[in-house]
Amino acid sequence: MLNPRRLAILRAVLEAGSINRAARNLSYSPATISQHMTALAKETGLVLFEKQGRGIVPTDAARHLADQAQSLLADFGRLERVVADLRGGQAQHLAIACFASAAERWIPDVVRTVRRHQPNLTVEISLNEPVDGRGRRRPDLDIRTEPADGAEVHLDGYRRHELTVERLVAVLPGTHPLAGAPELALRDLEGEPWVDHDLYDSPIGQIIQSACRAAGFTPRYAARLDDHRAALRLVASGVGVAVLPRLAVAELPGGVVARPVVRPAVLRRIVVHARRDRRRGELIARAVARLRDSAARAD
């Protein structure tokens, strides 16, 4: 069986560029690092380093092994934290996975609510767009975006709750010729440079792309990134226009306006999948109720 600690040391050696520098970074002796690398080579049956001049260099196999070990080490780190919590009697956790604007606008109230009833609780919040979940706990609450007219998604072991159907809006500089219109047809934006806040093609990006296809065009992007706040700043600077959920434009930077999008309306459905857990059913139910209240206020 591979030793996770040795895999971590291998990554440290590659990042540091030498055994001596890795030894200094890890507060080990170079001999100890070398022993671990020799043992890892035996465990894997791979040649990890080759001599070059007076030193050694990592092989392609070593680099590939280190890359593949990254997700494993993240999961192992999470497991170590669980063990430490159990040993210290601090194993009360609520794990929430959500998209960035929900984390910003809704989750603070959820955290305050559940911790009022369970003061020793630790709430872990992670983004599920576009992160694949490595290194985090299985979520107790998983808040997701779906196409408003698409099929409902159900996850094994979870109860599905619909929170709201949200209309997306066009965001553009206040000086733009279209800024004075009360609403905009999506086709009005066809010739504009776009700022895309969803570089990784997560569900919200797919909804926007589908709406543009329905309107008969493909957006021409001036910039693409994975952060809605940064996208708003680019719009404010005049780089282009964007289409964003209302939840993401609750606080617009100066000089930016938001207008409803029509023909077609661009909609998303927000749902939360709540883990079925008898032991913590009341805690999870409180969190869901708080989310429902927040979503209702946002409508």
Exercise for review: Could you work out the local net charge near Asp196, counting Lys and Arg as +1, Asp and Glu as -1, over the other residues with Cβ closer than 13 Å to its Cβ?
Suggested key: -3
Point to revise | Rounded FRET efficiency, nearest 0.05, which uses the C-beta distance separating Leu121 from Arg229 and R0 of 30 Å | key: 0.60
**Study point:** In region 1-81, chymotrypsin sites (Phe, Trp or Tyr not before Pro) in a DSSP loop with at most 13 other beta-carbon atoms within 10 Å
**Key:** none
Practice item. Lys and Arg at +1, Asp and Glu at -1: add these up for the other residues within a Cβ distance under 11 Å of Leu225 and post the number. Key: -1
Check your understanding: Taking the mean number of other Cβ atoms within 10 Å as a proxy for protection, how do you rank 6-17, 29-40 from highest to lowest?
Key -> 6-17, 29-40
Study note, to complete from the structure: Of all DSSP beta bridges with both partners in the chain, the antiparallel percent, nearest 5, is 65
Practice item. Would you mind classifying region 9-57 by shape? Square roots of the alpha carbon gyration tensor eigenvalues, ordered a ≥ b ≥ c; an a/c under 1.5 is rounded, otherwise it is prolate if a/b is larger than b/c and oblate if not. Key: oblate
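None of the figures in this text is laboratory data; all of them are computed from the coordinates on show. Because the structure is a prediction, the values reported are computed rather than measured. Cβ atoms come from the backbone with ideal geometry, glycine included; neighbour counts cover every protein chain shown.
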